[in-house]
1. If you find the alpha carbon centre of region 67-106 and of region 6-24, how far apart are they in angstrom?
2. With θ taken as phi - 60° and the coefficients 6.51, -1.76 and 1.60, list the Karplus ³J(HN,Hα) couplings across region 102-115 in order, rounded to whole Hz; mark glycine and proline as x.
3. Just to verify a number: FRET efficiency for residue 16 and residue 55, C-beta to C-beta distance, R0 = 41 Å, to 0.05?
4. Cα atoms only: what Rg and Dmax, in Å, come out for region 1-67?
5. Which number do you get for Rg(Cα) / (2.2 N^0.38 Å) in region 1-112?
6. Students often check this: by mean Cβ neighbours within 10 Å, which of 68-75, 80-87 ranks highest, and how do the rest follow?
7. Trypsin sites (Lys or Arg not before Pro) within region 8-86: which are DSSP loop residues with at most 12 other Cβ atoms inside 10 Å?
8. Once you place label points 7 Å from the Cα toward the Cβ at residue 101 and residue 25, how far apart are they in nm?
Amino acid sequence: MSSSDIYRELILDYYRNPRNFGRLDPHDIDAKDSNPLCGDEIEIQIQVSKDGKMEEVHFLGKGCAISQASASMLTELAKGKPLEWTKDLSKEDILKMLGTSDLGPARIKCALLSMKVLKTGVYAYLGAKPEEATGSQDIDH
Ligand code: FES
């Protein structure tokens, strides 16, 4: 099995058995967006600790394997990290997390939807505009 097969398996496993899927109540952050190309949706909810860490991170949504697996993996990656960590999160980090760099432009949008939602939520919570630090030109539709 090649390493890209292993990552493909991993994406399918997260799609079929999503970690951190479901509502998180109570939550401090709630953000939602969709991919206009297909209508698929991701919503991310976060509990923030007193010292500004993402204590619990959950997601809800519907869509393709890559968008849902990416959201699920991202909740695991973000959990326990300070809110500021989100500012440095990049497209490259997401592709590394998914274990692939050979996604076409349509699939890239699927992969980055959850990052966009996470940044939108955290920036709204911190009182800043998402465009200020997301490099969002990469993920605009
Ligand atoms: Fe809709 Fe992937 S096809 S997000």
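Each value in this text was obtained by applying a stated rule to the coordinates, not by laboratory testing. Computed from a predicted model, the values in this text were never measured in an experiment. Here the Cβ positions follow ideal geometry from the backbone for every residue, glycine too, while neighbour counts run over all protein chains shown.
1. 13 Å
2. With coefficients 6.51, -1.76 and 1.60, one gets 9, 8, x, x, 5, 5, 4, 4, 4, 5, 8, 4, 5, 5 Hz.
3. On the way: r = 27 Å, r/R0 = 0.65.
Here the calculated transfer efficiency is 0.95.
4. Radius of gyration, then largest Cα-Cα span, for region 1-67: 14.5, 45 Å.
5. Values: Rg = 13.9 Å, N = 112, 2.2 N^0.38 = 13.2 Å.
Output field value: 1.05.
6. Numbers: 68-75: 25.5, 80-87: 15.9.
Sorting 68-75, 80-87 by mean packing, highest first, produces 68-75, 80-87.
7. Those satisfying the criteria are 23, 50.
8. 4.5 nm
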